[in-house]
């Protein structure tokens, strides 16, 4: 049992947890604790140090979209993203509910509203009192400041005027042509200008002080305001749910329309005369169509972040599959034949370094040429272009590794095949491919990693739904909340990439016949 | 007091639970200027034994002692000759040896060093190849360089880890003769690890068989009483030589549990079917 | 009479281009006739071209001029009628011992029933002592055991000629002795015509009916042929006791020493400044040994 778990961890590349399992089994605790400290403790400490540095640095830099979010803010943003997703799912579900389920849901929503409303009202009241209190506090602070400021202003104005008057008087008596006297007067004028500027500067500083007093934060108020906002948001969401459980509910709509249909059908049955009958019949048919439309209709769910992640993963696999389907056969051919290798080398060398940013517009236009109406297409052209771009950028590592793997089959193994006079296909499938398999998988693993990186950029440019588009939308939104959400994306993209890589490692290990240890 | 000594040495690899003990309770004593050969199958832990003796590896249990002092880390007083020569490819024969000599004899003058190095190059008969790089030498010659390098450090104990196994039988025979000559000339304590019984009988004063691993240990030793200096051609007709050699081979092969476990099934018979004749087609 | 001239090698030449593109004859005018069921040992210094001769007989190496006739047919490329046991066992690591042998068996007995094929594989593996290790993967086997599978794979083909290319070169001398006994046991039962390349005089004497001593390359050829007059089946310890064995051994070593001396004008050191250029890799450090 213990060894099974250890083996599984080893295959999954999670040897880090090996000492934990051993410790649980009571094996050499001192040694295992030391290992845990080293392989788990140390990384945790590093991560904490990283978080600490982040929290320290972030508020010290202010951008157009507000302060750089701290870890806490990012965590809140992640929570917000998730709540949004859960609520949207709930709404979609509500839309389809019917019968008793709908009624019980409705009752619970109503109960929750009843529960929330007083809370929200209380919060509001508290918020308002706090607001007025804080306003009073501010006024209290600002009042004297303002008076002082006014005083300062009048004083500086008056001073200016006096100085100016004195200067005019002096200018009057200035002898014409006396260069020295006039030079001295110039200095005085400059002095006057300097003094006025200094006064203005002092007033500006004072004003900033007043503004700072206005923007003073009241943590209690902020907290209550946050609470109130949460209540309000939930109430809004609940009222939307109410809509979907009542008027906008699919089953209710259908039953409404069905009532109408019954009437129309009755009218049709009773209709007399050619024209009237036809009309009644047409109405019935139309009504039936309307009902079908409603039955087919779906709740139009917005692209929440988790859905966009799923979409991106799907897209990367489609692209990766296309790429591998091209790269592996081509690589095998290259590895088998020097002629093909020579023929393809320039193309491979030329296209390998091309950036996804260059491929995408070209692919986009070409795919657009095949799919004229994006709305009616089976696959969205933006999705297809992203996938193809991923394929174009990620096929090279697989191609090169496959060619290398096939070309470097051990000479002795080839000799075995020659002595046995194996045919082309049994040579390929029994000897060449199996021995190239570990290298092919190593290539696939690199390819998938490249593909994942390329995909985000491609989605961002092609605005195909996915993580890239999410980032782009957040960027365009430019609020401090979306800024924090972009940080969430960083972690999600990293985590998904890591997961994909792990999966590939497990696959790679399961095909490598010599049980070769794989690098992390 | 014995010169080099292993007392109840055990060592294993791998984490506890899956740990395999490679050597178990090994005891060995070597006198000063004695030539010992340890004979064993490949995979029975011979290289581990060398690592222990040279201080590259510390035992889990027991002690390795040189002149009564515990051996814990490697040093120039414990010279090793490896099977794969381990020469630096960018240095000449002279350069490879010089590196070792400079490390050990720091108080030598330039002229002394040169003389010292050249003496050992001469000893392994490589003077004409003094300035060649290892890549220009055959395997046998590379092993001579490795030998000269180790000898030039004048180690208290010389450990040889299958020094001739990578060479073909003929080169090996020549180098064995050379080893006999060098040892007569430059007597020191030698522990030779080998899988070749002939080699062991030819060179050693005493032969210690290593049992099959895991949990290998040293079996009772065979004393080689053949007179020195020994000569391959005369030994071939020596009845004592033949007897000792056959005894050891018999002992070694009877010990191979793996081979004993193999079942040669005589019950089956090759079916009487003819293979496809590709040449006739 | 085909029985007496089962394998005929006549005027065999192998030329490799030197670094300047000029052909150098590694092997020249090599002539050898092997009787059916005979075991021929080929011995020579490393790099003398003995492996080259064997790979040419196997068809893995092109013949520059001359010819090789096996059982009345001139050879044309490699084929399972000349099974080879290489120096490294070169088993396919993703197949078990059984599957490794079966791959050849399927190829050679397409007309046989499944049952018959299975018996062929089982028989071959059991005569090399692996009856209990058939379903093990190469990585689970020691070097000696792997080489046993290599031998089983060769004999399962019922070859006309068994070609052994320094089959024990990478094994330690104790394991080597066991495998020598295994092969001798098989040859005593199956009487396969065999050519064994070796650089070990003891091995050559112990296993062969005749030993073909090759001169040093380039332009290596057959120097002497020495018949070995020991009864079969042979017993190692008994043979080692005889004086004849040491006489043979002396003659072999003398020949090889003379080759060396001739080459270097009798200098005191074994001086082979040219790194081995042929397929002979006996002096490579053991890289592929498990």
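Each reported figure results from applying straightforward, stated rules to the coordinates on display, with no laboratory input. On a predicted model such as this, the values are computed, not experimentally measured, just so you know. Using ideal geometry, Cβ is built from the backbone for each residue, glycine included, and neighbour counts are taken over all protein chains shown.
One table, with the values for the structure above:
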| item | result |
| --- | --- |
| For region A:420-479 and region A:8-67, distance of Cα centres in Å | 29 |
| Number of partner chain Cβ atoms within 10 Å, mean per residue of C:185-191 | 1 |
| Folded to 0 to 90 degrees: helix A:305-336 orientation relative to chain A principal axis, Cα | 50 |
| Peptide ranges A:367-378, C:129-140, A:278-289 listed from the most packed, as the mean C-beta count within 10 angstrom indicates | C:129-140, A:278-289, A:367-378 |
| Computed FRET value (nearest 0.05) for residue B:114 with residue B:67, which takes r as the C-beta separation and R₀ as 35 Å | 0.70 |
| Whether region B:179-256 is rounded, prolate or oblate, judged on the alpha carbon gyration tensor where a/c under 1.5 counts as rounded | oblate |
| Nearest-0.05 FRET efficiency for residue B:77 and residue B:25, computed from C-beta distance (R0 22 Å) | 0.25 |
| Region B:37-109: C-alpha gyration tensor shape, a/c 1.5 cut-off, then a/b vs b/c | oblate |
| Three principal axis lengths of region B:106-176 [C-alpha, angstrom, descending] | 41, 28, 17 |
| Inter-label distance, nm, simple model (7 Å from Cα along the C-beta direction), residue A:180/residue B:33 | 11.6 |
| Region A:406-459: equivalent-ellipsoid semi-axes (sqrt of 5 x gyration tensor eigenvalues, Cα, Å) | 35, 10, 6 |
| Separation of the residue A:1 and residue A:498 label points, Cα + 7 Å toward Cβ, nm | 3.0 |
| Which of A:418, A:293, B:142 has the fewest Cβ neighbours within 10 Å, and the rest in rising order | A:293, A:418, B:142 |
| Antiparallel content of DSSP bridges confined to the protein assembly as shown, in %, to 5 | 50 |
| Length-normalised contact order of chain C in % [C-alpha pairs under 8 Å, at least 6 apart] | 26 |
| Spatial separation of Cα centroids for region A:237-284 and region B:30-68, in angstrom | 97 |
| Fraction of antiparallel bridges per DSSP, chain C only, in percent to nearest 5 | 50 |
| Inter-chain shielding of B:34-45 (mean C-beta neighbours from other protein chains, 10 Å cut-off) | 3 |
| Centre separation in Å (Cα based) which lies between region B:209-231 and region A:129-144 | 100 |
| DSSP-defined beta bridges in chain B - what % are antiparallel, rounded to 5 | 45 |
| Partner chain coverage, peptide B:246-253 - average Cβ within 10 angstrom | 3 |
| Pair residue C:235, residue A:339: separation of 7 Å Cα→Cβ label points (nm) | 6.3 |
| Order of B:80, B:117 under a 10 Å beta carbon neighbour criterion, fewest first | B:80, B:117 |
| Prolate/oblate/rounded call for chain A, Cα gyration tensor, a/c under 1.5 rounded | oblate |
| Degrees, to the nearest 10: C:114-127 long Cα axis against longest axis of chain C | 50 |
| Helix A:467-477 vs. chain A, principal-axis angle (Cα, 0 to 90°, nearest 10) | 10 |
| Estimated FRET transfer efficiency (residue A:326, residue A:378; beta-carbon r; R0 30 Å; 0.05) | 0.90 |
| Mean Cα-pair separation over length for chain B, i.e. relative contact order, pairs under 8 Å, 6 or more apart, % | 24 |
